[in-house]
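Inspection log for the structure reproduced underneath, given as structure tokens.
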Amino acid sequence: MKIALCSSFVPFVDGGGRFIVEWLARKLLENGHEVERIYLPFVEDPRVMFAQMAAYRLIDLTESCDRLIAFRPPSYMLRHPCKILWFIHHFRGYYDLWNTEYCPVPDSVTGRAIRDTVFAADTATLCEARHIFTNSRTVSDRLRQFNGIDSEVLYPPLQYPERFRSDGYGDEIVCVSRIEHHKRQHLLIEALSHTQTPVKLRLCGIGTSGSYASELEALTHRLGLQERVILEHRWITEEEKAERLARALAVAYAPLDEDSYGYPSLEGSHAWKAILTTTDSGGVTELVVDSVNGYVCAPHPQALGEAMDRLFRDRSRTSAMGRAAYERVLDLGITWDNVVRKLLT
């Protein structure tokens, strides 16, 4: 079968939106299919986004492939009679992040008109899909709430889960993620200031700009945590990631209303590490069960700090939660065989 994997991308920004396409492409090739990855740039600037959406809509791939699988918005606006979506998020600033600091336009007559147009264009083109899968119940719930569209959850696996391992439980809570404000690394640093143990925090990643990383460095100094916060402001290699997770005490991932469980949570689970997250972290809470395979805390520094101390003090329980984290992945059936079967049915 000739399969086109279509997605949008922000130039020079890596992340889960690209990984899911690249990893699926490899698995489809292994299963004997012809695969073409089609990435089209898209910038969520309200002044130009509708012109870009119209350009997507003009592209008809009917004669080019047997099946089109679309991912990030607005790739579902491409035309094909056998269009399948693995929908990973909306234009969130117009949907679940409306009236927050992440909203791209003011809540005015003009802003609401832009939002209404986004809703209408999305709903019309999403409905063309033969089947819609999502990466979490959280995203499925948003599709139903905002667009009145039903979908099926299909959790994305890691490319090489076997590279992750546990070499014991050290004194670092590790967070490997893009350094972005909505990923809330600042909340983890603030939490560390409330701890009573010498637990440490390692933050690894890079963001779309260096300003937030500078804020994190300033916050670390202001709270006097220079000896306990390690900030690696770069995109570490997969081998480095596996090493850091292998020796970690636990993994932290506490974004604001994340679309899915997030690769950091899944990577930590494959490394047999307990996951520290918050009640408002969206899809992460679909993977993490409080006090079973990690801690789901109120999104406040003191609550997170108390959980960090519990992880540090009770290593026996922490290691048991790490084993449970791995078992949770198995229980949910998060495998590429399942993904390929679902997408090609």
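The values are calculated or read from the model by the stated rules, or taken from the named source; none is laboratory data. This is a predicted model, so every value here is computed, not measured. Cβ atoms come from the backbone with ideal geometry, glycine included; neighbour counts cover every protein chain shown.
Go through region 100-114 and report how many residues are assigned to a loop (DSSP other than H, G, I, E, B), of a type in the set (A, V, I, L, M, F, W, C) and in contact with a Pro (Cβ under 7 Å, 6 or more places away or on another chain).
1
Tell me which residues, restricted to region 248-272, are within 13 Å of Thr318 (Cα to Cα) and in contact with an Asp or Glu (Cβ under 7 Å, 6 or more places away or on another chain).
Ala248, Leu249
Applying the selection to region 207-230, what residues are in contact with a helix residue (DSSP H, G or I) (Cβ under 8 Å, 6 or more places away or on another chain) and free of Cβ contacts under 8 Å to residues at least 40 places away in the same chain?
Gly207, Tyr212, Glu215, Leu216, Leu219, Thr220, Leu223, Leu225, Gln226, Arg228
Would you point out which residue out of Glu36, Glu63, Glu44 is assigned by TED's automatic domain parsing to the domain that holds Asp107, among the charged types (D, E, K, R) and more than 24 Å from Cys127 (Cβ to Cβ)? Before the answer, list the steps.
Values: Glu63 fails: more than 24 Å from Cys127 (Cβ to Cβ); Glu44 fails: more than 24 Å from Cys127 (Cβ to Cβ).
On inspection, the qualifying residue turns out to be Glu36.
Could you check, for region 16-30, whether at least one of its residues is in contact with a helix residue (DSSP H, G or I) (Cβ under 6 Å, 6 or more places away or on another chain), under 25 Å from Asp337 (Cα atoms) and modelled with pLDDT under 95?
Checking region 16-30: at least one residue is in contact with a helix residue (DSSP H, G or I) (Cβ under 6 Å, 6 or more places away or on another chain), under 25 Å from Asp337 (Cα atoms) and modelled with pLDDT under 95.
If only one of Arg57, Arg26, Arg72 is under 30 Å from Ser209 (Cα atoms), touching a strand residue (DSSP E or B) at 6+ places or on another chain (Cβ under 9 Å) and basic (Lys, Arg), which one is it?
On the way: Arg57 fails: under 30 Å from Ser209 (Cα atoms); Arg26 fails: under 30 Å from Ser209 (Cα atoms).
Arg72 is the lone residue from the list that is under 30 Å from Ser209 (Cα atoms), touching a strand residue (DSSP E or B) at 6+ places or on another chain (Cβ under 9 Å) and basic (Lys, Arg).
Can you pull out every residue in region 124-164 that is among the basic types (Lys, Arg) and within 18 Å of Gly262 (Cα to Cα)? Reasoning before the result, please.
The initial filter retains those residues of region 124-164 that are among the basic types (Lys, Arg), namely 130, 137, 142, 144, 163.
Answer for region 124-164, where residues must be among the basic types (Lys, Arg) and within 18 Å of Gly262 (Cα to Cα): Arg137, Arg142, Arg163.
Among the listed residues Asp309, Asp290, Asp280, identify the single one that is charged (D, E, K, R), in contact with a Pro (Cβ under 9 Å, 6 or more places away or on another chain), over 30 Å from Arg67 (Cα atoms) and at pLDDT 95 or above.
On the way: Asp309 fails: in contact with a Pro (Cβ under 9 Å, 6 or more places away or on another chain); Asp290 fails: in contact with a Pro (Cβ under 9 Å, 6 or more places away or on another chain).
Being charged (D, E, K, R), in contact with a Pro (Cβ under 9 Å, 6 or more places away or on another chain), over 30 Å from Arg67 (Cα atoms) and at pLDDT 95 or above holds for just one of Asp309, Asp290, Asp280, which is Asp280.
With the condition kept exactly as written, say whether any residue in region 85-108 is surrounded by fewer than 16 Cβ atoms within 10 Å (Cβ to Cβ), of a type in the set (Lys, Arg) and either over 23 Å from Leu28 (Cα atoms) or modelled with pLDDT of 95 or more (or both).
For region 85-108, residues surrounded by fewer than 16 Cβ atoms within 10 Å (Cβ to Cβ), of a type in the set (Lys, Arg) and either over 23 Å from Leu28 (Cα atoms) or modelled with pLDDT of 95 or more (or both): absent.
Mind listing whichever residues of region 257-276 are out of contact with any Gly (no Cβ under 6 Å at 6 or more places or on another chain) and either among the small types (Gly, Ala, Ser) or at pLDDT below 95 (or both)?
Gly262, Ser265, Gly268, Ser269, Ala271
Being in a loop (DSSP other than H, G, I, E, B), in contact (Cβ under 8 Å) with a residue 60 or more places away in the chain and of a type outside the set (Gly, Ala, Ser) is the filter here, so list the residues in region 183-206 that pass it. Break it down into steps so the answer makes sense when it comes.
We begin by selecting, within region 183-206, every residue in a loop (DSSP other than H, G, I, E, B); these are 184, 193-199, 205-206.
Now drop any that are not in contact (Cβ under 8 Å) with a residue 60 or more places away in the chain, which leaves 184, 193-199.
Across region 183-206, the qualifying residues are Arg184, His194, Thr195, Gln196, Thr197, Pro198, Val199.
Pick from region 43-80 the residues that are assigned to a strand (DSSP E or B) and out of contact with any Lys or Arg (no Cβ under 6 Å at 6 or more places or on another chain): which of them is surrounded by the most Cβ atoms within 10 Å (Cβ to Cβ)? Explain how you work it out, then say what you get.
Filtering region 43-80 down to residues assigned to a strand (DSSP E or B) leaves 60, 67-70, 79.
Of the ones still in play, those that are also out of contact with any Lys or Arg (no Cβ under 6 Å at 6 or more places or on another chain) are 67, 69-70, 79.
Values: Arg67: 19, Ile69: 26, Ala70: 29, Arg79: 15.
Only one residue tops the list, namely Ala70.
From the list Phe87, Phe42, Phe91, which one is over 18 Å from Val13 (Cβ atoms) and not polar (S, T, N, Q)? Before the answer, list the steps.
Values: Phe42 fails: over 18 Å from Val13 (Cβ atoms); Phe91 fails: over 18 Å from Val13 (Cβ atoms).
Every option except Phe87 fails the conditions.
Which ones in region 263-315 are surrounded by fewer than 18 Cβ atoms within 10 Å (Cβ to Cβ), among the aliphatic types (A, V, I, L, M) and over 19 Å from the mean Cα position of the chain (by Cα)?
The answer is Val292, Ala298, Ala303.
If a residue has to be of a type in the set (Phe, Trp, Tyr) and in a loop (DSSP other than H, G, I, E, B) to count, how many in region 124-143 make the cut?
Looking only at that region, the number is 0.
Please specify each residue of region 31-42 satisfying the condition of being out of contact with any helix residue (DSSP H, G or I) (no Cβ under 7 Å at 6 or more places or on another chain) and surrounded by 11 or more Cβ atoms within 10 Å (Cβ to Cβ).
To start, the set of residues in region 31-42 that are out of contact with any helix residue (DSSP H, G or I) (no Cβ under 7 Å at 6 or more places or on another chain) comprises 32-34, 36, 38-39, 41.
Those that are out of contact with any helix residue (DSSP H, G or I) (no Cβ under 7 Å at 6 or more places or on another chain) and surrounded by 11 or more Cβ atoms within 10 Å (Cβ to Cβ): His33, Glu34, Glu36, Ile38, Tyr39.
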